[in-house]
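S.K.: Supplied in structure tokens, the structure appears directly below.
The values are calculated or read from the model by the stated rules, or taken from the named source; none is laboratory data. These figures come from a predicted structure and were not determined experimentally. Quick reminder, even Gly has a Cβ in these numbers, built from the backbone with ideal geometry, and neighbours come from all protein chains shown. Just so you know, the surface numbers come from the protein's heavy atoms only, side chains and all, with ligands and any DNA or RNA stripped out. Shrake-Rupley method; radii C 1.70, N 1.55, O 1.52, S 1.80 Å.
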Amino acid sequence: MIKLIASDMDGTLLNAKHAIDKATVEAIKAAEKTGITFAITTGREYDSVKDHLLGNDLNCQCILMNGAEYRDESGNILEEINIELETATEIIKILQKEKVSARIFTSKGIYTTDTREEALKEMLYRTLSFNPEFTEDEALEFAKTQPFFTQLNYIKDLKEFLNSGIEIRKFVAFHKNIELINKLKKIIGELNGIAVSSSFKDNMEITHITAQKGIILAKVSEKMGLKRDEVLVLGDSFNDYSMFTEFTESVAMGNAIPEIKKIAKYITDTNDNLGVAKAIYKVLEKQ
């Protein structure tokens, strides 16, 4: 019997318009009425998840930044896993050498070594990547309003930043040169104690090796007194892979990458066709 359903966000819970369908919210609430706990597992930080929760009247436990942070239904941090300062410094050096900009997720918000102009250029690329129907002018205006840009903090003195006591939890980098992204994944992935994954083919997500969705979800479910087969996981991309290896009851989205579909127990519909809602109702039918 399933007692916990844990879902990825981008490409899974969220549709192509980056919103949760009303029918999916209804399915989540139907599951919760039967006593099933619904949790979110995402590469995002809490601030970019919170609005989705509040806007849909959802109270969920959240595994954030791929597993670098775990929060309860009220948003309180229960666990955090940081990248060691020496390793974080090495990652920054590697990225700067290849002139690849990155967002640095920390205990005090998101930072970048870019200038505002460089950050906007990177945000423009991300906007066009997510919304190919936009013209460049439309994408630019949209990019200027996005929290990923408006809430960004700029590092003026890298040494001062690194020695400030701030906790670094995750790096995220996007780049149109996929070969370069793959090259950096390999280089950084060889650093001691580091995990490298992706949500999209043109991005790279870096955390501590123990800060992975599946690992932290296993800890959470164990604390809840749940067996592995009482947890159902849903996802679509590389940063969901650890959930699919940790839990037998796994559901790949119809739009998932082949590597996820290959190891999933079930495959549901796409994120644009209520895949999460359909998977939830399948669970409820069986129970």
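S.K.: Does region 179-252 come out rounded, prolate or oblate by the C-alpha gyration tensor, with a ≥ b ≥ c the root eigenvalues, rounded set by a/c under 1.5 and, if not, prolate when a/b is larger than b/c and oblate if not? Intermediate values should be presented prior to the final figure.
M.R.: Working: a/c = 3.72, a/b = 1.84, b/c = 2.03.
Oblate shape, in that a/c is at least 1.5 and b/c is the bigger or equal ratio.
S.K.: May I ask you to give the percent of accessible area on region 17-156 that is carbon plus sulfur, with a probe radius of 1.4 Å? Can you show the working numbers first?
M.R.: On the way: 3460 of 7140 Å².
Carbon-and-sulfur percentage of accessible area, whole number: 48.
S.K.: In percent, how large is the relative contact order of the chain, given Cα pairs closer than 8 Å and 6 or more residues apart? Present the calculation step by step, with values, prior to reporting the outcome.
M.R.: Working: 534 pairs, mean separation 62.5, N = 287.
Relative contact order here is 22 percent.
S.K.: Continuing with the same structure: Any idea what diffusion coefficient region 115-190 gets from Stokes-Einstein, in µm²/s, Kirkwood Rh on alpha carbon pairs, 10 °C, 1.306 mPa s?
M.R.: Details: Rh = 14.5 Å.
Estimated diffusion coefficient is 110 µm²/s.
S.K.: Just need log10 I(q)/I(0) for the chain at q = 0.09, 0.11, 0.15 Å⁻¹, Debye formula, equal scatterers on the alpha-carbon atoms, no solvent, rounded to two decimals.
M.R.: For the chain, the Cα-only Debye profile gives -0.41, -0.62, -1.17.
S.K.: Return the FRET efficiency for the residue pair L180, E86: r is the Cβ-Cβ distance, R0 is 22 Å, and the value is rounded to the nearest 0.05.
M.R.: Values: r = 24 Å, r/R0 = 1.11.
In this case the efficiency is close to 0.35.
S.K.: So, one more: Using alpha carbon centroids, what distance separates region 12-52 and region 137-155, in Å?
M.R.: About 24 Å separates the Cα centre of region 12-52 from the one of region 137-155.
S.K.: Just the accessible area for K265, please: 1.4 Å probe, Å², rounded to the nearest 10?
M.R.: Near enough 110 Å² of accessible area.
S.K.: Give me the Kirkwood hydrodynamic radius of region 155-287 in Å, from all C-alpha pairs, to one decimal place? The partial results should precede the final answer.
M.R.: Working: mean 1/r = 0.0598 Å⁻¹.
Kirkwood radius, region 155-287: 16.7 Å.
S.K.: Continuing with this model, one more query. Take V196, V231 and sort them by solvent-accessible surface of the protein heavy atoms, 1.4 Å probe, largest at the top. Mind dumping the intermediate values first?
M.R.: Numbers: V196 45, V231 0 Å².
Result, largest first: V196, V231.
S.K.: Quick one: how many Å² of D272 are accessible to a 1.4 Å probe, rounded to 10?
M.R.: D272 has an accessible surface of roughly 100 Å² with all protein chains in place.
S.K.: So which lysines pass the test for K144, namely a Cα distance under 16 Å, with those fewer than 8 places away in the same chain ruled out?
M.R.: K121
S.K.: With no solvent and one point on each alpha carbon, what is the Debye value of log10 I(q)/I(0) for region 223-267 at q = 0.14, 0.22, 0.29, 0.32 Å⁻¹?
M.R.: Rounded to two decimals, the profile gives -0.28, -0.62, -0.97, -1.13.
S.K.: Please provide three numbers in whole Å: the alpha-carbon extents of region 109-158 along the principal axes, with the largest listed first.
M.R.: 38, 16, 14
S.K.: Summing -39500 (n - 2.57) over the DSSP H runs of n ≥ 4 in the chain and dividing by its residue number, what mean residue ellipticity at 222 nm do you reach, to the nearest 500 deg cm²/dmol? Before the final figure, lay out each step's value.
M.R.: Working: 12 runs with 115 residues, N = 287.
Value at 222 nm, helices only: -11500 deg cm²/dmol.
S.K.: Based on the alpha-carbon gyration tensor of region 82-209 and its eigenvalue square roots a ≥ b ≥ c, which shape applies: rounded if a/c is under 1.5, prolate if not and a/b is larger than b/c, or oblate? The partial results should precede the final answer.
M.R.: On the way: a/c = 2.11, a/b = 1.36, b/c = 1.55.
Taking the square roots of the gyration eigenvalues as a ≥ b ≥ c, region 82-209 is oblate.
S.K.: Something else about it: So what's Rg/Rh here for region 1-145, counting alpha carbon atoms and using the Kirkwood radius for Rh? All intermediate terms of the calculation are to be shown ahead of the outcome.
M.R.: Values: Rg = 17.7 Å, Rh = 17.4 Å.
Using Cα coordinates only, the ratio equals 1.02.
S.K.: May I pose another question? Rounded, prolate or oblate for region 186-229? Axes are the square roots of the Cα gyration tensor eigenvalues, ordered a ≥ b ≥ c, and the cut-off for rounded is a/c under 1.5. Show your work: numbers first, answer last.
M.R.: Details: a/c = 4.11, a/b = 2.10, b/c = 1.96.
Here region 186-229 falls in the prolate category.
S.K.: Which order do K121, K282 take when ranked by solvent-accessible area (1.4 Å probe, heavy atoms of all protein chains), largest first?
M.R.: Numbers: K121 150, K282 125 Å².
In descending accessible area the options line up as K121, K282.
S.K.: Continuing with the same structure: Could you tell me, in Å, what Rg and Dmax come out for the Cα atoms of region 32-101?
M.R.: Cα radius of gyration and Dmax of region 32-101 are 16.0, 53 Å respectively.
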